[in-house]
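Participant: What follows is a structure written as structure tokens; I'll ask about it next.
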Amino acid sequence: AAPGVLAARVTSRLEFAFAVAQSSRLRLRDYLARTLSGRDEAKEVRAYELAEALGARYRRVNLAFLDDLRAYLRRRSLILGASGAASALALAISVVVVVLFVGVGRLTVAEAGGAVLAARLLAQQVGAVIGSTQVVVESTLFLDDLEAFAGRVGRETLAASALRAAPSFEVLEAREVSYTYPETDRLVLKDVSVRLASGDMVALVGENGSGKTTLAKILAGLLPPSAGSVEWNGVAMDTMDPTAIRRHVAVVFQDYVRYWLPARDNIAFGDPRKDAHQDLVEAAARRAGAHHMIAALPEGYDTVLSKAFAAGHDLSVGQWQRVALARAFFRDAPLVILDEPAAALDARAEHALFEALRDLGEGRTVLFVSHRFATVRDADRILVLHDGQVVEEGRHEDLMQRGGRYAELYRLQASAYAPDDERVVDAGGDTGSPQSPSAATSARAAEGPS
Ligand code: ADP
């Protein structure tokens, strides 16, 4: 048993160390395989002719993994072989001793036969016990890992019973909130203060990377701030049950999920506690301007929104965005947070969306993130984020008058379109141009209003 137990311990550790060492490599290998064969990736992989480069990378990673696997299996086999040989030697010695005992007349042949048989049976049983023990020991190492990982969320789960329920939304206030993403040391939000009161329609603008999405996540209760406080109706949010808070908030992120499920579910997932009644689903879809598009699908609201299934149907990016919006509307929450909700919508749809947001009803609060200035000018309040800080705040007219960052960015965007308008007037009769200027302008207008 001794060599078996020893070998089991050593090989268990080897197995665990191998699995840990290879996890990143296997993740990369699986990712490369998915990228090479994925439907969404296919267009870009073909357009840039990436198949060969990605394929070569996949083979390199896979070969490196196979090399390590071979070395690991060789070591494992050697250890198990050595321990098997040691056990066999021990068994052989016992048989020799028994034979010697028969030779000197201390055992009869029948007794010796019984003893050898018993020794063999015992060896088999011990081997089986060692085998099972090895499985347990091996699993324990992985379970320790799992336990350490699960321990990280243990605190939140344990404290949940002590947390307060969140009453319906009245006012949400972030005070001097700062945020640093885990395992990084850069402050992406610095002392940001925002107040969202019932009925407000607040826009968050700023360049890419200025911290808009991060702030939206903090206000939605999805990220705890690193410093500062967020209060829900005057009560610190971290003393409240996060699930209860989320129930009062509907969020649409830029990278919303496209569920490979029927259109109905894609909308009704906005509130899984609510019955996915056709009237409710349809009302949400209408608000988001998605009803006609869904109704025209082969199986209407029951059409699976993915080509991964035979009867499935895929949507355009703009149509998907409407479905994601419908999901938020289905939630019927008092606080709606929209991160770039109109990025993939055409001009008419974007206009309709903001009309719909206005019509959502009294008391509904909307925070929307956008970097299209033309769509935010109607907001009750505009917050301009720059480098993680709120640098300006106010109504469009005030901010324009102030002549600061907002005014500069607004004019910059407006001027990008102005020359086109001028060209229509100036070069209207220029029939010699390869593309009529008015056609160019209307094509741009169809892409977006700003
Ligand atoms: P915006 O929405 O204004 O484009 P974000 O809030 O998404 O900006 O990002 C702000 C900064 O935080 C960026 O510099 C970005 O690189 C960084 N960041 C965003 N998400 C993460 C993350 N999960 N981990 C680390 N850094 C992040």
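Participant: Given GLY114, VAL136, GLY199, which one lies farthest toward the positive end of the charge dipole of the chain, if we put +1 on the Cβ of every Lys and Arg and -1 on the Cβ of every Asp and Glu?
Facilitator: Farthest towards the positive pole: GLY114.
Participant: Taking a cut-off of 38 Å, what percent of all Cα-Cα pairs in the chain are separated by more than that? Present the calculation step by step, with values, prior to reporting the outcome.
Facilitator: Working: 49882 of 101025 pairs.
Roughly 49 percent, once rounded to a whole number.
Participant: Give me the accessible area of MET293, 1.4 Å probe, in Å² rounded to the nearest 10.
Facilitator: Approximately 30 Å² for this residue.
Participant: May I pose another question? Only bridges whose two residues both fall in the chain count here: according to DSSP, what percent of them are antiparallel, nearest 5?
Facilitator: Values: 20 of 39 bridges.
Bridges in the chain are about 50 percent antiparallel.
Participant: Excluding same-chain residues fewer than 8 positions from LYS307, which aspartates and glutamates have a Cα within less than 15 Å of its Cα?
Facilitator: By straight Cα distance, LYS307 reaches ASP40, GLU41, GLU299.
Participant: Related question: What residues have an amide H closer than 5 Å to that of MET201, excluding those fewer than 5 places away on the same chain, when H is modeled at 1.01 Å from N in the peptide plane?
Facilitator: VAL366, ASP380, ARG381
Participant: Once the piece of chain linking LEU28 and PHE269 is laid out straight, how much longer is it, given 0.36 nm per residue of separation minus the C-alpha distance between them?
Facilitator: Numbers: separation 241, 0.36 × 241 = 86.76 nm, distance 3.10 nm.
So the extension gain works out to 83.7 nm.
Participant: For the range 282-383, what's the relative contact order in percent, using C-alpha pairs closer than 8 Å and at least 6 residues apart? Before the final figure, lay out the partial values.
Facilitator: Values: 103 pairs, mean separation 27.2, N = 102.
Relative contact order here is 27 percent.
Participant: Now, a different point. How do VAL194, VAL391 stack up against each other in accessible area, from largest to smallest, with a 1.4 angstrom probe?
Facilitator: Most to least solvent-accessible, the answer reads VAL391, VAL194.
Participant: Suppose every K and R has +1 on its Cβ and every D and E has -1 on its Cβ; what is the size of the dipole of the chain about the Cα centre, in Debye to the nearest 20?
Facilitator: Details: 51 positive and 57 negative charges, 445 e Å.
Value, rounded to 20: 2140 debye.
Participant: Also, I was wondering about something else. What are the ³J(HN,Hα) couplings of the range 36-52, residue after residue, when phi is run through the Karplus curve with 6.51, -1.76, 1.60 and θ = phi - 60°? Round to Hz, x for glycine and proline.
Facilitator: 3J(HN,Hα) across the range 36-52, in whole Hz: 5, 10, x, 5, 5, 7, 3, 4, 6, 4, 6, 4, 9, 6, 8, 3, 5.
Participant: In straight Cα distance, which lysines are under 16 Å from LYS212, not counting same-chain residues fewer than 8 positions off?
Facilitator: Here the lysines satisfying the reach criterion relative to LYS212 are LYS190.
Participant: Size of the dipole of the range 132-276 about the Cα centre, Lys and Arg at +1 and Asp and Glu at -1 on the beta carbon, nothing else charged, in debye to 20?
Facilitator: Numbers: 15 positive and 20 negative charges, 91 e Å.
My answer is approximately 440 debye.
Participant: Mind grabbing the accessible area of TYR179 for me, 1.4 Å probe, Å², rounded to tens?
Facilitator: 10
Participant: Turning to a different aspect of this structure: Let me have the relative contact order for the range 171-328, percent, based on Cα pairs under 8 Å that are six or more residues apart. Kindly include the intermediate steps, with their values, before the conclusion.
Facilitator: Details: 214 pairs, mean separation 31.5, N = 158.
Reported relative contact order: 20 percent.
Participant: Rank these by accessible area, largest first, 1.4 Å probe: TYR181, TYR48. Please list the in-between numbers first.
Facilitator: Numbers: TYR181 70, TYR48 155 Å².
Result of the area sort, largest leading: TYR48, TYR181.
Participant: Within 10 Å, at most 14 other Cβ atoms, and a DSSP state outside H, G, I, E, B define an exposed site. Report the longest part of the chain free of exposed trypsin sites (Lys or Arg not before Pro). Please report the intermediate quantities before stating the final value.
Facilitator: Details: sites that count: ARG106, ARG186, ARG273, LYS274, LYS307, ARG395.
After excluding every exposed loop site, the longest remaining stretch is 1-105.
Participant: So what is the relative contact order of the chain, in percent, for Cα pairs below 8 Å that sit 6 or more residues apart?
Facilitator: On the way: 595 pairs, mean separation 64.4, N = 450.
Once divided by the residue count of the chain, the mean separation gives 14 percent.
Participant: Loop only per DSSP, at most 10 neighbouring Cβ atoms within 10 Å: give me the GluC sites (Glu not before Pro) in the range 1-106, ordered by residue number.
Facilitator: Values: sites: GLU15, GLU41, GLU44, GLU49, GLU52; in loops: GLU49.
Qualifying residues, ordered by number: GLU49.
Participant: Continuing with this model, one more query. Checking the cross-link filter: which lysines have an alpha carbon closer than 27 Å to that of LYS274, excluding same-chain neighbours under 8 positions apart?
Facilitator: Excluding near neighbours in sequence, the set is LYS217.
Participant: Pick from GLY221, GLY38, GLY404: which residue has the top mean-square fluctuation in a GNM of the chain where Cα pairs under 10 Å get a spring?
Facilitator: Per the Cα network of the chain with a 10 Å cutoff, GLY38 tops the list.
Participant: So what is the calculated 222 nm ellipticity per residue for the chain, using -39500 (n - 2.57) for each DSSP H run with n of 4 or more, over all residues, to the nearest 500 deg cm²/dmol?
Facilitator: Value at 222 nm, helices only: -19000 deg cm²/dmol.
Participant: Check each of the chymotrypsin sites (Phe, Trp or Tyr not before Pro) in the range 277-336 and keep only those in coil by DSSP with at most 15 other C-beta atoms within 10 angstrom; list them in order. Each step should come with its number before you reach the end.
Facilitator: Values: sites: TYR301, PHE309, TRP320, PHE329, PHE330; in loops: PHE309.
Those satisfying the criteria are PHE309.
Participant: In terms of solvent-accessible area of protein heavy atoms at a 1.4 angstrom probe, what is the ranking of LEU146, LEU91, LEU196, highest value first?
Facilitator: On the way: LEU146 100, LEU91 50, LEU196 0 Å².
Result of the area sort, largest leading: LEU146, LEU91, LEU196.
Participant: Picking from PRO182, VAL376, LEU89, whose Cα lies most toward the positive end of the charge dipole for the chain (charges on Cβ: Lys, Arg +1; Asp, Glu -1)?
Facilitator: LEU89
Participant: Note down the accessible area of SER139, probe 1.4 Å, to the nearest 10 Å².
Facilitator: Here the accessible area works out near 50 Å².
Participant: Once Lys and Arg get +1 and Asp and Glu get -1 on their Cβ, which of ALA51, SER24, LEU80 lies farthest toward the positive end of the dipole of the range 8-86?
Facilitator: About the Cα centre, the residue reaching furthest to the positive side is LEU80.
The values are calculated or read from the model by the stated rules, or taken from the named source; none is laboratory data. Since the structure is predicted, the reported quantities are computational estimates derived from the model, not experimental observations. Counting neighbours? That spans all protein chains shown, and the Cβs are built from the backbone with ideal geometry, glycine included. Ligands, DNA and RNA are stripped out before the accessible areas are found, and what is left, the full protein with its side chains, is counted by its heavy atoms. Shrake-Rupley method; radii C 1.70, N 1.55, O 1.52, S 1.80 Å.
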